Each structure stands twice: as C-alpha cells, then as structure tokens.
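Asker: Below are the structure tokens for one structure; questions will follow.
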Amino acid sequence: MIETILNIEGNRGLRRSTFHVRDREFKENPTFTVAVTAYEWIQSQIRESGFRKTIIEKVTWNENNDITEDVKQIRPIIRDDLPF
C-alpha cells in the first residue's frame, strides 16, 4: 500500500492505494520500484487537480517505509531521437 500526503495550493490531502509491481524489479530494488510507482500515481493526482501547484509532503509504503526523498528525485526520461 502506498500513502501520499500532498499539499495542493494550501490544501493538504492524504490518499492510500494498493498497486502491483513486477516481482523481479521489486526483488532487485524494492525502494526504487515502489518510488517509481508512487511517482506515477502522484503525477495522475496532479493531472486530476488540473496541474495546480503541488508539494509532495510525505510518501510511504506499507506504512513504515518513508520514500518521500526517493520519489522527489525521480525525473521523467525524455527520449531525444530527433535527427538533428
């Protein structure tokens, strides 16, 4: 279970949800795997809010594992395959 506390333009909200991750990736690096899943979920929450200013206050998984800083470090990969 992943739990997020987000501050969207001064309004704090807590959300919880359960996700499935690939076993192999989880065994290799559980924190990173869950952080990527949490990041993707947070991005969908930001889209739902209409892209309002959002501050990630806290992200945990299984209630005991704080991955807030790990999630904040994730950046999308942009492929630059243009011919010039």
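The values are calculated or read from the model by the stated rules, or taken from the named source; none is laboratory data. This structure is a prediction, so every number in the text was calculated from the model and none was measured. For accessibility, only protein heavy atoms count, side chains too; no ligands or nucleic acids. Shrake-Rupley method; radii C 1.70, N 1.55, O 1.52, S 1.80 Å.
Asker: Express in Å², to the nearest 10, the accessible area of residue 18 obtained by rolling a 1.4 Å probe over the protein heavy atoms while all chains stay in place.
Answerer: Ignoring ligands and nucleic acids, residue 18 comes out at about 100 Å².
Asker: Of all accessible surface on the chain at a 1.4 Å probe, what whole percent is carbon and sulfur?
Answerer: Looking at the chain in its full context, I get 48 percent from C and S.
Asker: Using only protein heavy atoms and a 1.4 Å probe, report how much of residue 69 is accessible, in Å² to the nearest 10.
Answerer: We get 110 Å² for residue 69.
Asker: Limiting things to C-alpha atoms, what are the Rg and the maximum Cα-Cα separation (Dmax) for the chain, in angstroms?
Answerer: Considering the chain through its Cα atoms, Rg and Dmax are 14.2, 48 Å.
Asker: Quick check for you: with a 1.4 Å probe and neighbouring chains kept, what is the accessible area per residue of the chain, in Å²?
Answerer: Per residue, the chain has 78 Å² of solvent-accessible surface.
Asker: Using a 1.4 Å probe on the protein heavy atoms only, what accessible surface does residue 14 show? Give it in Å² to the nearest 10.
Answerer: Approximately 90 Å² of residue 14 is accessible to the 1.4 Å probe.
Asker: Which whole-number percent is the relative contact order of the chain (Cα, under 8 Å, 6+ apart)?
Answerer: 36 percent
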